[in-house]
1. Being among the basic types (Lys, Arg), open to solvent by 70 Å² or more (accessible area, probe 1.4 Å), closer than 22 Å to Glu192 by Cβ and in contact (Cβ under 8 Å) with a residue 60 or more places away in the chain narrows it down to one of Lys233, Lys229, so name that one.
2. Scan (1) farther than 28 Å from Val158 by Cβ; (2) open to solvent by less than 70 Å² (accessible area, probe 1.4 Å); (3) in a helix (DSSP H, G or I); (4) not charged (D, E, K, R) for the single condition Ala73 breaks and write down its number.
3. Pro182 passes all but one of (1) in contact with a strand residue (DSSP E or B) (Cβ under 7 Å, 6 or more places away or on another chain); (2) more than 18 Å from Ala153 (Cα to Cα); (3) surrounded by fewer than 18 Cβ atoms within 10 Å (Cβ to Cβ); which number fails?
4. Based on this model, can you work out whether Gln211 counts as open to solvent by 40 Å² or more (accessible area, probe 1.4 Å), out of contact with any helix residue (DSSP H, G or I) (no Cβ under 7 Å at 6 or more places or on another chain) and touching a residue at least 40 places away in the same chain (Cβ under 8 Å)?
5. If you take the residues of the range 49-70 that are part of a helix (DSSP H, G or I) and hydroxyl-bearing (Ser, Thr, Tyr), which of them is surrounded by the most Cβ atoms within 10 Å (Cβ to Cβ)?
6. Just to be sure, is Val203 in contact with a strand residue (DSSP E or B) (Cβ under 6 Å, 6 or more places away or on another chain) and either surrounded by 14 or more Cβ atoms within 10 Å (Cβ to Cβ) or at pLDDT below 80 (or both)?
7. Could you tell me whether Leu44 is under 20 Å from Leu204 (Cβ atoms), in contact (Cβ under 8 Å) with a residue 40 or more places away in the chain and open to solvent by less than 10 Å² (accessible area, probe 1.4 Å)?
8. Name the single residue that is surrounded by the fewest Cβ atoms within 10 Å (Cβ to Cβ) among those in the range 140-156 being among the charged types (D, E, K, R) and within 21 Å of Ile253 (Cβ to Cβ).
Amino acid sequence: TMNNEAVQSYKNIVSFMGDRSTRKDSGGHASKLLKNTLHAPEELRDEIFCQIMKQVTNNPDPESTLRGWQLLAICSGTYPPSNDFHPFVMYFCQKHLTHENPEIAETATFVQKRIVRTQEQGPRINVPTNVEIQAVRHGDPVLIRVQKLDGSAVTVPVQSWTTVDELSRMVSFMLGLDDAEPYSIFEVSSEEEERVLDREERVLDIIAYWQKTYDDEKAKSSKEIETYKFMYKVRLFLEFDPKNEAAVHLFYIQGVFDVVNSRYPTIQKDCEQLAALQIQEKFGDFSGMTGMITGQLGSYC
């Protein structure tokens, strides 16, 4: 009943591997293959694993063979083989861990790792972006930016299986925070809407959804397309170690942001005092300077 889908998938596979001439780039064929099979029955997904393994077996073209293994890595991080077929795919990879081509041996190890993580988490929700597909092809992580409220950002490497919780902990470590519990990753839109992300969500699934939404709106010729970013913020206002400068800074910039953006109701006198304290923190004690905040008053109150 799925013969047509299987044949179309085969065309995408051999086109990706370079065994079939095509005008579309390899990333486009991988995207189409995943789009057609991600939410398909397990039988078709197992068929994809079978087809790729067949194409890399006794393949006389080294470049085609390597591309087939790269496609196997892409698929294995998107959905796992069925429970019945899982051991056969793992064994197939095991046989190639000592392949004469070190790139194939390395990719076989990579595929096994991806299968294990995808088996634990289940299939992806959204088709991976082209950026992720290209990163997986070369065994690289995807670099993403997580912003802070002061405009600075942290660049973090993530894999197909990285969860929001893992991302949050990596950011905490990179910022030098002693306790990661009070902080979370937020999704913030260009319309200034935000939500706390579920800790078990996969980071690249979220980005794939953003990309899908953007592409859908662009196809409609929308004039203003909403965009999104990751923001690292305080979620739980717990007591923190005042000697931890990173924690002090995060709580401080969030306090400033919430006051300046009217998230906390304040009277004029409070605004004046808070603005003065912020200017003192930024420029130091007053020493006769003038004009230091000319045109910038809106940043302080």
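The values are calculated or read from the model by the stated rules, or taken from the named source; none is laboratory data. Quantities reported herein were computed from a predicted structural model and do not represent experimental measurements. Using ideal geometry, Cβ is built from the backbone for each residue, glycine included, and neighbour counts are taken over all protein chains shown. Accessible surface is based on the protein model in full, side chains and every heavy atom, while ligands, DNA and RNA are left aside. Shrake-Rupley method; radii C 1.70, N 1.55, O 1.52, S 1.80 Å.
1. Lys229
2. For Ala73, the failing item is (1).
3. Unmet condition: (3).
4. yes
5. Among those that are part of a helix (DSSP H, G or I) and hydroxyl-bearing (Ser, Thr, Tyr), it is Thr65.
6. Criteria met by Val203.
7. In short, no.
8. Arg145
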